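*Asks:* Supplied in structure tokens, the structure appears directly below.
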Amino acid sequence: MKTTILVIEDETQIARVLKMELEYEGYQVAVEHDGASGLKAAMESEADLILLDVMLPGISGIEVLRRLRKTNKKTPVILLTARNATWDKVAGLDHGANDYVTKPFEIEELLARIRACLRNSEKVETNEDPSLLTVEDLIINTETREVTRAGQPITLTPKEYDFLVYLILNKNKVVTREKIIINVWGYEYEGETNVIDVFIRHLRQKVDTNFSFPLIHTVRGIGYTIKEKNGENHNKN
């Protein structure tokens, strides 16, 4: 059975190109052009993934997402946002979006993000306990906030915990310093960005020291990643 993608995009030219490109890649595609019809389709369809424009006539994309997440927590949603619409990106992530792509975008990047979201969705569906986040022998129980590695308990401060959870939710992907600040400290944060360096150092001391291999890595000039042992090598500071 083909993977189904629901595209909710009011710009007809963009919607047409997306439909054509996605169908060429082998996806089954449905298209809606406004918030109301898009919300109805999202609630009633069994789409495997939703591409959701933020700027929609009628009901905004953020409101569509907010209402959808009241009843549907699982279907991956990728937001299509304006290049400088930082608030939309933050609001979308806070309301349950899985990722976002800024316009204008390269179709290759969008396709890669779609594949990544679908892979992550499959992992969640096959996980016997969705409250557990894992990377190799590191386990976080999001209900009890217990963190262990190789069976050994790890004590974290609340912000260290939030930082580690964010990295694991994006495991095997590189997250920029900007995204870390927005998603861990919040959009209103006005402190020094070197706070990230301090917390990375603390996390490494607690998560990686005295274990057989490191999980947290630096990608020079870009940001950080937490990755499984068989992933691509990165520079570790």
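*Asks:* Compute the Cα gyration tensor for the range 48-121, then decide on rounded, prolate or oblate, letting a ≥ b ≥ c be the square roots of its eigenvalues: rounded whenever a/c is under 1.5, prolate when a/b is larger than b/c in the other cases, and oblate in all that remain. Kindly include the intermediate steps, with their values, before the conclusion.
*Replies:* On the way: a/c = 1.81, a/b = 1.06, b/c = 1.71.
It comes out oblate by the Cα gyration axes.
*Asks:* Could you sort out which of 2/173; 73/173; 2/70; 70/103 sit more than 24 Å apart by Cα distance in this structure? Walk me through the numbers before you get to the answer.
*Replies:* On the way: 2/173 26 Å; 73/173 22 Å; 2/70 27 Å; 70/103 27 Å.
Going by Cα-Cα distance, 2/173; 2/70; 70/103 fall outside the 24 Å limit.
*Asks:* Quick check: the angle from helix 158-169's long axis to the longest principal axis of the chain, C-alpha only, nearest 10 degrees?
*Replies:* In the chain, helix 158-169 runs at an angle near 60 degrees to the longest axis.
*Asks:* Return the percentage of antiparallel bridges among DSSP beta bridges fully within the chain, rounded to the nearest 5 %. Could the numbers behind the result be given before it?
*Replies:* Details: 16 of 34 bridges.
The answer is about 45 percent antiparallel.
*Asks:* Rounded to the nearest 500 deg cm²/dmol, what is the calculated helix-only ellipticity per residue at 222 nm for the chain, with -39500 (n - 2.57) per DSSP H run of length n ≥ 4?
*Replies:* Values: 8 runs with 92 residues, N = 237.
So the helix-based figure for the chain works out to -12000 deg cm²/dmol.
*Asks:* Something else: (1) 1.07; (2) 0.95; (3) 1.17: which one is Cα Rg over 2.2 N^0.38 Å as calculated from this entry?
*Replies:* Recomputing Cα Rg over 2.2 N^0.38 Å here gives the entry labelled (1).
*Asks:* In the chain, which longest range has no GluC sites (Glu not before Pro) that are both DSSP loop (not H, G, I, E or B) and surrounded by at most 15 other Cβ atoms within 10 Å? Don't skip to the answer; put the middle values down first.
*Replies:* On the way: sites that count: 11, 25, 46, 106, 128, 143, 188, 190, 192, 228, 232.
Of all site-free stretches, the longest is 47-105.
*Asks:* First check a/c for the range 1-84, with a ≥ b ≥ c the square roots of the eigenvalues of its C-alpha gyration tensor; if it is under 1.5, answer rounded, and if not, answer prolate when a/b is larger than b/c or oblate otherwise. Write out the running numbers ahead of the final one.
*Replies:* Working: a/c = 1.73, a/b = 1.13, b/c = 1.53.
Here the range 1-84 falls in the oblate category.
*Asks:* Taking a ≥ b ≥ c as the square roots of the Cα gyration tensor eigenvalues, with a/c under 1.5 meaning rounded and otherwise prolate when a/b beats b/c, else oblate, which class fits the range 86-227? Spell out each step's value before the answer.
*Replies:* On the way: a/c = 1.64, a/b = 1.24, b/c = 1.32.
Because a/c hits 1.5 or more and a/b fails to exceed b/c, the range 86-227 counts as oblate.
*Asks:* Straight-line reach from residue 171: which lysines have Cα under 19 Å away, leaving out those fewer than 8 places along the same chain?
*Replies:* Hits, sequence-local ones excluded: 74, 123, 159, 179, 206, 227, 229, 236.
A short reminder: the numbers here are calculations on the coordinates, not readings from a lab. This one's a predicted model, so the numbers in the text were calculated from it and none came from an experiment. As a convention, Cβ positions derive from the backbone with ideal geometry for all residues, glycine included, and neighbour counts pool all protein chains shown.
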